[in-house]
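Have a look at the structure below before the remarks.
Just so you know, all these numbers are worked out from the coordinates, no wet-lab data involved. Since the structure is predicted, the reported quantities are computational estimates derived from the model, not experimental observations. Because the Cβ atoms are built from the backbone with ideal geometry, glycine has one as well, and the counts that use them run over all protein chains shown.
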Amino acid sequence: MANWQDPRTTSVSTAATVGVPRAARDAGLRSYMLSVYNYMASGVLLTGIIALLFAPYAGQVLVGPQGGLSGLGWIVMLSPLGIVFAMSFGANKFSAATLQMLFWGFAVLMGLSLSTIFLVYTGGSIAATFFATSAAFAGLSLFGYTTKKDLSGFGTFLIMGVVGLIVASLLNFWLRSPGLYWAISFLGVLIFAGLTAWDTQRLKEQYVHVRGTDWAGKVVILGALSLYLDFINMFLFLLRFMGASRN
């Protein structure tokens, strides 16, 4: 994980909050979290619009003659991952404006990438899964924001779970095991549900460390990226269960 994600590694002192009235801090926190959610929701909306508009052309552009991804398809699929790494590990060097530009570019590329799901699943089942994911995300994020329970101890476990999902998915690429496929899908939903609550609490706690600093704008964008990834991954894993095949 990049250092910006852990408030204990930031150079901003908690002394920045000394003498600030609680009401002012609470109002600032609400504004800060609202900015995060606005960016995240706007990114998801942009991705959805791009996916819908590009869906009629996805089969010709992103899919090769043998049924796999074309060369351009691989570029479109892997480019968002490169942007995530660039934003996470280059946060110290990039300005907030640069991170914002990268975030919107990421959302557009994800839209192009996700346009291929319309080749596999019906539009109605995709829409139903999207609304189910939205409801689950809202509830989990609200829990992470309001709970008094410290969720920090789950962070390492959840990140290790993501690594395990990646390894298992790569392994099943060759094994083609239906049982492992469904196990990965089930665990994927649980892990990203947990990450939604954990990331929300982490962002809330981070506010006191970045309030009034140049880092505040950066953390808003990076926080929106984290929640965006939680949402999209939970959506894709749920789609495996709720999606109705076109075949």
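I need the per residue convex hull volume for the chain, using only the alpha carbons, in cubic angstrom as a whole number. Enclosed volume per residue, from the Cα hull, is 130 Å³. Between the helical axis of 22-61 and the longest alpha-carbon principal axis of the chain there is an angle of about 20 degrees.
Compactness check for region 27-83: Cα Rg over 2.2 N^0.38 Å is 1.62. Show that you can apply the helix-only estimate: for the chain, add -39,500 (n - 2.57) for every DSSP H stretch of four or more residues, divide by all residues, and state [θ] at 222 nm to the nearest 500. After summing the helix terms and dividing by residue count, I get -27500 deg cm²/dmol. Here the spin labels are modelled as points 7 Å beyond Cα on the Cα-Cβ line, and at Asp150 and Leu53 they lie 4.7 nm apart. Less than 5 angstrom separates the built amide H of Tyr121 from those of Arg246, all sequence-distant by 5 or more or on a different chain.
Peptides 145-151, 129-135, 92-98 ordered by packing proxy, namely the average of other Cβ atoms within 10 Å per residue, highest first: 129-135, 92-98, 145-151. Can you tally the lysine pairs in the chain where the Cα-Cα distance is under 22 Å and the two residues are eight or more apart, or on different chains? Final tally of qualifying lysine pairs is 4. For region 236-247, backbone phi angles converted through the Karplus equation (6.51, -1.76, 1.60; θ = phi - 60°) give residue-by-residue couplings of 5, 6, 5, 4, 5, 8, 9, x, 9, 5, 6, 7 Hz, Gly and Pro being listed as x. Between the helical axis of 71-89 and the longest alpha-carbon principal axis of the chain there is an angle of about 10 degrees. With the simple model of a label 7 Å out from the Cα in the direction of the Cβ, Thr98 to Asp214 spans 1.1 nm. Restricting the calculation to alpha carbons of region 194-247 gives Rg and Dmax of 15.5, 54 angstrom.
Against the main long axis of the alpha-carbon atoms of the chain, helix 152-175 sits at an angle near 10°. Two decimals is fine: what is log10 I(q)/I(0) at q = 0.11, 0.20 Å⁻¹ for region 102-185, from a Debye sum with one equal scatterer on every Cα and no solvent? Treating every Cα as an identical point scatterer, log10 I(q)/I(0) equals -0.51, -1.31.
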